[in-house]
1. Where the second residue is of a type in the set (D, E, K, R) and not in a helix (DSSP H, G or I) and the first is within 17 Å of Cys11 (Cβ to Cβ) and more than 14 Å from the ligand (Cβ to nearest atom) and lies in the range 62-91, which pairs have Cβ atoms under 9 Å and are six or more apart or on separate chains?
2. Does Val121 qualify as being within 9 Å of the ligand (Cβ to nearest atom), at pLDDT 95 or above and either aliphatic (A, V, I, L, M) or not assigned by TED's automatic domain parsing to the domain that holds Arg24 (or both)?
3. Which is assigned to a helix (DSSP H, G or I) and buried (at least 19 other Cβ atoms within 10 Å of the Cβ), of Thr145, Thr162, Thr137?
4. Looking at this structure, is Ala30 in a strand (DSSP E or B) and more than 17 Å from Thr140 (Cβ to Cβ)?
5. In the range 92-111, what residues are within 22 Å of Ser25 (Cβ to Cβ), within 8 Å of the ligand (Cβ to nearest atom) and assigned to a helix (DSSP H, G or I)?
6. Mind listing whichever residues of the range 192-209 are within 11 Å of Ala225 (Cα to Cα) and part of a loop (DSSP other than H, G, I, E, B)?
7. What single numbered condition from (1) at pLDDT 95 or above; (2) surrounded by fewer than 19 Cβ atoms within 10 Å (Cβ to Cβ); (3) more than 16 Å from the ligand (Cβ to nearest atom) fails to hold for Lys199?
8. Filter the range 276-305 for residues that are over 13 Å from Asp138 (Cα atoms) and among the basic types (Lys, Arg); which is surrounded by the most Cβ atoms within 10 Å (Cβ to Cβ)?
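The values are calculated or read from the model by the stated rules, or taken from the named source; none is laboratory data. In this text, all values refer to a predicted model and were calculated from it rather than measured experimentally. All Cβ positions, glycine included, derive from the backbone under ideal geometry; neighbour counts span all protein chains shown.
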Amino acid sequence: MKKLKRIAVLCSGGDCAGMNTAVRSVTRTAIYYGIKVFAVAYGYQGLINGELTEFNRRSVSNIMNRGGTILKTARSEEFKTKKGRAKAIRNLNKYKIDGLVVIGGNGSFKGAYALCKECEVKCIGIPGTIDNDINGTDYTIGSLTAVEVALDAIDKIRDTITSLERIFVIEVMGRDCGYIAMRVALAGGAEEVLLPGVKYDINKICHEIKAARKKGKISWILVVAEGAGSAHNIAKTIEKKTDYETRVTVLGHIQRGGSPNALDRILASRLGADAVRLLMEGESDKAAGIVANRLVTTPFSIACQKKQESEEELYSLLKILEA
Ligand code: ATP
């Protein structure tokens, strides 16, 4: 087997807490084993534009606790075309890169999957997205921190709610994935959660709100996943049907920020090192992941498909606990 000599690392798609920790781990593990590391700025677009810089150990000093990514990330329409990827491959060859590590979500893995079919460069993915929607891993880097950040915001909102006696509708991120919404709703003691793809009955919700008021419940929190509907529209309907004042908070991008929590840092460090190990062993076309606390790999063809996970158990628990 040809010895691995030069690798490149990039972050792609939406940023998340822990990407820096993963970049640090990839860089330092590779250097430890005598492999040169090139950091690619701006994800796949930077690969197309040839934005590669050699990193040393110190290039990644003091970043493991910082949110976002020092490499910058991007979404690249050009990379979705064969012509765009051909430009990226030319740059990989120009820098004599024999292994590429892609840190990102399922879109980024689709890109890596396409790239693997078109060039000799070995490629390993590291799941990094707040959505936790990647097949073949229990957790993606950034998802645990995103839940914590959203939960902290909900705890603060609760302080206001208990003083003001209002209904709060709180929209959380996660595109068409309900991972964050379900967890913050349960951990934040919300009364209801709306998840993407799960039907809800607004009349039933309004009835529950009224019944709760009669029992003396003054605060009522409804968490809405971004992909389940507009928090503003839902709040308007509730206000109309119940006559209770309703307030909306859209948490938005604060959920992507913040220092990665300990679990995300540990996960990012492990997956970063494992990606390098896999490349050294000649592996390619796979995503690294963690299942039941063990390092595993999943072919890109499967990893890039949307994870189908039922939230039924957590939802039933929420309804028992708020009743
Ligand atoms: P997040 O979950 O944080 O949004 P993501 O990796 O899913 O991250 P996307 O915007 O879906 O984010 O994808 C990132 C980039 O991956 C795209 O901008 C594009 O360059 C590349 N990509 C996505 N889908 C494909 C595809 N089918 N073929 C080639 N490249 C793709």
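1. Sorted first by the residue in the range 62-91, then by its partner, the pairs are Asn91/Glu51.
2. Answer is no for this residue.
3. Result: Thr145 is the single residue among Thr145, Thr162, Thr137 that is assigned to a helix (DSSP H, G or I) and buried (at least 19 other Cβ atoms within 10 Å of the Cβ).
4. No: the conditions fail for Ala30.
5. Scanning the range 92-111 gives Asn106, Ser108, Phe109, Gly111.
6. If the condition is that a residue be within 11 Å of Ala225 (Cα to Cα) and part of a loop (DSSP other than H, G, I, E, B), then Leu195, Pro196, Gly197, Val198 are the ones that fit.
7. (1)
8. Top of the filtered list is Lys286.
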